[in-house]
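To keep things clear, I will list the structure first and then write my remarks on it.
The values are calculated or read from the model by the stated rules, or taken from the named source; none is laboratory data. All of these numbers come straight from a predicted model, not from anything done at the bench. All Cβ positions, even for glycine, are placed from backbone atoms using ideal geometry, and neighbour counts span all protein chains on display.
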Amino acid sequence: MPTKEITESQLDSQLVKEVEAKSHTKVSSCFQCLKCSSGCPLSYEMDYLPAQVIRMVNLGLRDEVLKSRTIWVCASCETCTTRCPNDIDIAHVMDTLREMALRSGKAEAEQDMRRFHEAFLSAIKTWGRVHELQMIGTYKLKTRKFMEDADIGMEMFKRGKIKLIPEPIKGRKAVKKLFRKT
């Protein structure tokens, strides 16, 4: 990755405090061992490695972090979190950064990934669990990519992998309550 000059005006000294408060994770305790990045199964798709994102948070590079592809590519598999010797919940930090990017309006670089996350959360909010048909429908409506993956979708439907109506779950009201609180 090419080096990039950073000016003092790009630094936001409050970023690390804000991320730590929202994620309840001490991001500033990272000493850049790179275990998070070396274990990440999706690092090949990221513009910055997880360790670089954490470093940018510590430096206060708000715009760079919130516009990065990495926070949207992260699958929250928690491999990074498990490997961290300082118990930094990196997966939760990535969730926090996605939320901050959405609230700040800086999530525009990865529109389709953002729309996928919104469709996923919408299905959980409605049903208390993922309902694939609603999630896929919402995503397709937002992206306008109606026929992309249609052959796979039909095959999944034929095999009973996609249900028209989701199975009810216990605690659906509790899930809705969580969404209201957040």
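Tell me the residue from PRO41, PRO85 that is over 27 Å from GLN111 (Cβ atoms) and touching a residue at least 24 places away in the same chain (Cβ under 8 Å), please.
Exactly one of PRO41, PRO85 is over 27 Å from GLN111 (Cβ atoms) and touching a residue at least 24 places away in the same chain (Cβ under 8 Å), namely PRO85.
Results for (1) within 18 Å of ARG114 (Cα to Cα); (2) part of a helix (DSSP H, G or I), shown as yes or no for each residue.
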| residue | (1), (2) |
| --- | --- |
| ILE6 | no, no |
| GLU20 | no, yes |
| ALA51 | no, yes |
| VAL57 | no, yes |
| ASP63 | yes, yes |
| TRP72 | yes, yes |
| THR81 | no, yes |
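Do we find a residue being within 13 Å of the chain's Cα centre (by Cα) and either at pLDDT below 95 or surrounded by 14 or more Cβ atoms within 10 Å (Cβ to Cβ) (or both) anywhere in region 120-138?
Yes; the residues of region 120-138 include at least one that is within 13 Å of the chain's Cα centre (by Cα) and either at pLDDT below 95 or surrounded by 14 or more Cβ atoms within 10 Å (Cβ to Cβ) (or both).
Do any residues in region 123-141 that are assigned by TED's automatic domain parsing to the domain that holds LYS158 have Cβ atoms under 6 Å from those of residues that are part of a helix (DSSP H, G or I) and of a type in the set (Ser, Thr, Tyr), where the two are at least six apart or on different chains, and which pairs are they?
THR138/SER122
Between a residue in region 69-81 that is over 11 Å from ARG98 (Cβ atoms) and any residue that is of a type in the set (D, E, K, R) and part of a loop (DSSP other than H, G, I, E, B), which pairs come within a Cβ distance under 7 Å, given they are 6 or more apart or on different chains?
ARG69/ASP47; ARG69/GLU110; THR81/ASP89
Looking at region 139-161 only, could you name the residues that are surrounded by 16 or more Cβ atoms within 10 Å (Cβ to Cβ) and either over 27 Å from ASP95 (Cβ atoms) or over 21 Å from the mean Cα position of the chain (by Cα) (or both)?
GLY153
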